[in-house]
Amino acid sequence: MEKETITRLNKTFEEYAYEQEGVEYWLARDLQDLLGYADWRNFLNAVEKAQESCKTTGEATSDHFVDITKTIPMPKSAEKEVPDIMLTR
């Protein structure tokens, strides 16, 4: 990867961060788009591999991967709840 690409992705990654009660986190569906995954199922595979790596290092996955749902807009003013994941560093 070129240095400019890495710098751009890092800046954008930091801009996607949220903070709640002093804890910095990202939403997986936001990162899915940022990292170029068109399909949630494919990105979910990457997240599951990250969870396995977390377990391998002895970290509690529940501290870094929290399942949530969020509401997204649909056509004709409808809304739909979809699964998402809060991720920490």
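Here is how the numbers come out for the structure above:
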item: Apportionment of accessible area to carbon and sulfur, the chain, percent (1.4 Å); result: 50
item: In sequence order, calculated HN-Hα J values of the stretch 28-45 (Karplus, 6.51, -1.76, 1.60; Hz; x Gly/Pro); result: 4, 5, 5, 5, 3, 5, 4, 8, x, 8, 7, 10, 4, 4, 5, 5, 4, 4
item: Amide hydrogen neighbours beyond the local backbone of Asp84, cut-off 5 Å, H modeled; result: Ile68, Thr69, Lys70
item: q = 0.30 Å⁻¹, the stretch 39-78: log10 I(q)/I(0) [Debye, one scatterer per Cα]; result: -1.02
item: Relative contact order %, the chain, counting alpha carbon pairs below 8 Å whose residues are six or more apart; result: 28
item: Viscosity 0.692 mPa s, 37 °C: Kirkwood-radius Stokes-Einstein D of the chain over Cα pairs, µm²/s; result: 225
item: Per residue, in Å², the accessible surface of the stretch 14-89 once ligands and nucleic acids are set aside, probe 1.4 Å; result: 72
item: Between the stretch 4-32 and the stretch 47-89, the Cα center-to-center distance that results, in Å; result: 14
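The values are calculated or read from the model by the stated rules, or taken from the named source; none is laboratory data. This one's a predicted model, so the numbers in the text were calculated from it and none came from an experiment. Ligands, DNA and RNA are excluded from the accessible area calculation, which covers all protein heavy atoms including side chains. Shrake-Rupley method; radii C 1.70, N 1.55, O 1.52, S 1.80 Å.
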